[in-house]
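Have a look at the structure below, then the notes.
Every read-out reported here was derived from the displayed coordinates using simple, explicitly stated rules and does not represent laboratory data. All figures in this text were calculated on a predicted structure; none of them were measured in a lab. Every residue, glycine among them, receives a Cβ derived from its backbone with ideal geometry; neighbour counts consider all protein chains shown.
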Amino acid sequence: MGFSMSSFDALGPILGSALAVVILAALIRVSGAIRYIGNTRVAIVERLWSPKGSLKGGLIALGGEAGFQPDVLRGGVHLFFPFQYRLHMAPLVTIPQGSIGYVFARDGAPLAADQALAANPGATDFQDARSFLAANGQKGPQRKILREGTYAINLAQFIVVTRDQVFSLALDRNEGALLDQMVGVIESRGGFEPLVIKDADDQIGVVIVHDGPGLPAGEIIAPTVGTDPQDSATFHNSFQEPEKFLAAGGRKGRQLQVLAEGTYYINRLFATVERIPKTVVDVGQVGVVVSYTGAAGLDTSGDDYRHGELVDQGARGVWNAPLLPGKYAFNTYAGQVTMVPTTNFILKWEANAIGSHRFDENLAEVSLITRDAFEPTLPVSVVVHIDYRKAPLVIQRFGDIKRLVEQTLDPMVSAYFKNIGQTRTLIELLQDRSAIQQQSSEEMKTKFALYNLDLQEVLIGTPRPSAEGDDQIERILTQLRQRQIADEQVGTYERQKLAAQKERELREAEARAKQQAAITESELSIQVQSNAGKANLARSEQEADQTRTLARAEADRARLLGEGEAKRVIALAGAEAERTTKVGLAQAEAIRSQVEASGGARYQLTRQVAERFAEALEKSGVDVVPKVSISGASGEGGGASVVQGLLTLLLADRFEPDQVRPTERAESRSE
């Protein structure tokens, strides 16, 4: 294909316009009048010339002078005066998750003599370089750090160092070496990552602050400051806010306050953290604290204790209250914790025998000289207990338990048993071991109490030769064994004699056992007969008692009946006598009248008696032959005798016939 001159003539205007556009675009590009900035980047503006001239000092031009401008440009199209500005494109500063970014300011106020990092309490926004410098922000490494996120930072003013990248606008070749050194220091301290203290590690963090005023003279550790979360002005949030820490009076150096479990975003250029294990007080122990810091406390040990002072918790010195079993975030740079066993522990004065606490690893057996000049060694064990409330007294007095054992208990126990050994022979030492052990336990309790120790028991072993190959003790033991054998033989003979006697008794018992049936039958027969006799005797005694009782009852009845009958008869007789007397008197009067009428008293009396006698015989049925003979006396009083005889006859009729003898007669006597 060919072109004619007419074709070139037609394309001329088009090519000229295109060339003009290209030239214009190149001119705009070169002049920097129009610039486009991506949304993921920032533009650091450098002013090439200015009517206000150049900077007199510093790096950032705050007053419109020529130089780096404080404000950065974000994404979009920007128009500038041609040939006056230069833009330095830079990425946004991105801090990854779980990382820390460190900031270095190129411009600002200089650091003070006691400063290691820039103090900017009023200039905390690194994305606003103008306000940072206007607030007299200091140059150099900053105390404030950057946490996770994306920041639009003027990299001409600030350098941001992260674990993966250094965000900076290169201005000087020598600056790279400084940044590399800074990165190396931070990496060595693990400063690009937060400090994580896990509970499972049983560790705490001891903080060492590298910035701020120094410690006063005589202090070795910085006191705790600004720990009250309610006081937001001074609460430094566990060293994560350096400005507040220093405002609260914090000082550089190792800190008394420690970090427990948790995650901490700490500027490692401001403070480093050393991990140390927790103080663990096991069961059966207490921890006595000797504090190297704190105010001077009052002595609480009492007037009787002259071995040192005990102070309250938090003061400098030996604390009067020990740490009980548990885990403690105790700063071992600020004090020392001495473990004191509160369970019984054994101290052994014996070769190749060491207790679990190893307090007795330098103890040896006690060398003795007995009264009979033997030189054995005596193994001794002592069971000791320390009251947990007295543990601070023991530590204040001796420093630690091992020093107490080696410098005090060892010479005391050795001297005591040396004295015991001098009072006994070797044989007595062997035979009286139990008594010596009991005596030493009682006497040494008092000695141990002087050192605030409770002696539980003293245990003594068998004396041993002091030198290898010495068989004197063995020979004495052989003699004692032979003596014991002889004693045992004597005892054996005595037992054999007793056995023979028992055998004889056994034979007799066996013989008796063979005749036991007959013996038993005879004994039972005797017992039966004895029981029968006793039964008969008892029965006879019962019958006799019964007979006597019946006889006494019958006699009493008869006596009572007789007495009653007698009284009745007497009463009847009296009444009859009175009646008879009256009748008699009447009859006598009648008879006398009859006698007088009939011819005489004698004749009348005879007739009357005969009549009455006949009536009596008829009524009573008495035999014709009388059982009772009544005779009357002649002479005077014959009438009375007749009456008396009649009364006798009436009384005799009241009794049984066999109670009156036929020959019985009733005689009446004249009075």
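What is the log10 of I(q)/I(0) for region 38-190, computed with the Debye formula using one identical point scatterer on each Cα and no solvent, at q = 0.17, 0.18 Å⁻¹?
Relative scattering, expressed as log10 I(q)/I(0), comes to -1.04, -1.15.
Counting alpha carbon pairs within less than 8 Å and at least 6 residues apart, what relative contact order, in whole percent, applies to region 142-220?
Relative contact order comes out at 15 percent.
Where does helix 516-598 land angle-wise versus the long Cα axis of the chain, in degrees 0 to 90, nearest 10?
50
Spelling out what I want: for every residue of region 190-198, take phi, set θ = phi - 60°, compute 6.51 cos²θ - 1.76 cosθ + 1.60 (Karplus), and round to whole Hz; glycine and proline get x.
Once rounded to whole Hz, the list reads x, x, 7, 10, x, 7, 10, 10, 8.
Evaluate the Kirkwood expression for the hydrodynamic radius of the chain, namely the inverse of the mean inverse distance over all pairs of different C-alpha atoms, and round to one decimal in Å.
42.2
Taking the Cα atoms only, what angle lies between the long axis of helix 638-652 and the longest principal axis of the chain, rounded to 10 degrees?
40
For residue 547 and residue 482, compute 0.36 nm times the residue count separating them, minus their Cα-Cα distance, and round to one decimal in nm.
Gain on extension, residue 547 to residue 482, equals 14.8 nm.
Going by how many other Cβ atoms sit within 10 Å of their own, how do 307, 78 line up, fewest first?
Least to most surrounded, the residues fall as 307, 78.
Relative to the first principal axis of the alpha-carbon coordinates of the chain, what is the inclination of helix 410-422, with its axis defined by its Cα atoms, in degrees from 0 to 90 and to the nearest 10?
40
Taking Rh as the Kirkwood radius computed over C-alpha pairs, what is the Stokes-Einstein D of region 344-470 at 10 °C in a medium of viscosity 1.306 mPa s, expressed in µm² per second?
Reported coefficient: 105 µm²/s.
Given R₀ = 45 Å, FRET efficiency for residue 390-residue 475 by Cβ-Cβ distance, to 0.05?
E between residue 390 and residue 475, to the nearest 0.05, is 0.40.
With an 8 Å cut-off on Cα pairs and a minimum separation of 6 or more residues, tell me the relative contact order of the chain in percent. Could the numbers behind the result be given before it?
Numbers: 987 pairs, mean separation 42.4, N = 671.
Rounded, it is 6 percent for the chain.
Given the pairs 327/447; 198/402; 390/445; 348/402; 327/445; 278/348, which span a C-alpha to C-alpha distance of over 23 angstrom in this model?
Values: 327/447 35 Å; 198/402 35 Å; 390/445 16 Å; 348/402 13 Å; 327/445 34 Å; 278/348 32 Å.
Long pairs (Cα-Cα over 23 Å): 327/447; 198/402; 327/445; 278/348.
What is the set of long-range amide H partners of residue 323 at a cut-off below 5 Å, with H atoms built 1.01 Å from backbone N?
287, 288, 289
So which lysines pass the test for residue 619, namely a Cα distance under 17 Å, with those fewer than 8 places away in the same chain ruled out?
Within reach: 627.
What are the ³J(HN,Hα) values, in whole Hz, obtained from phi via the Karplus relation 6.51 cos²θ - 1.76 cosθ + 1.60 with θ = phi - 60°, for each residue of region 272-282 in sequence order, with x given for Gly and Pro?
The phi angles translate into 9, 10, 10, 8, 9, x, 5, 8, 10, 9, 6 Hz.
Classify region 422-532 from the C-alpha gyration tensor, please: rounded if a/c falls under 1.5, else prolate or oblate depending on whether a/b exceeds b/c.
Here region 422-532 falls in the oblate category.
What ranking, highest mean first, results for peptides 519-531, 444-456, 124-136, 471-483 when packing means the other Cβ atoms within 10 Å averaged over each residue? Intermediate results must be reported in sequence, preceding the final value.
Numbers: 519-531: 10.3, 444-456: 15.9, 124-136: 17.7, 471-483: 12.3.
Packing proxy ranking, top to bottom: 124-136, 444-456, 471-483, 519-531.
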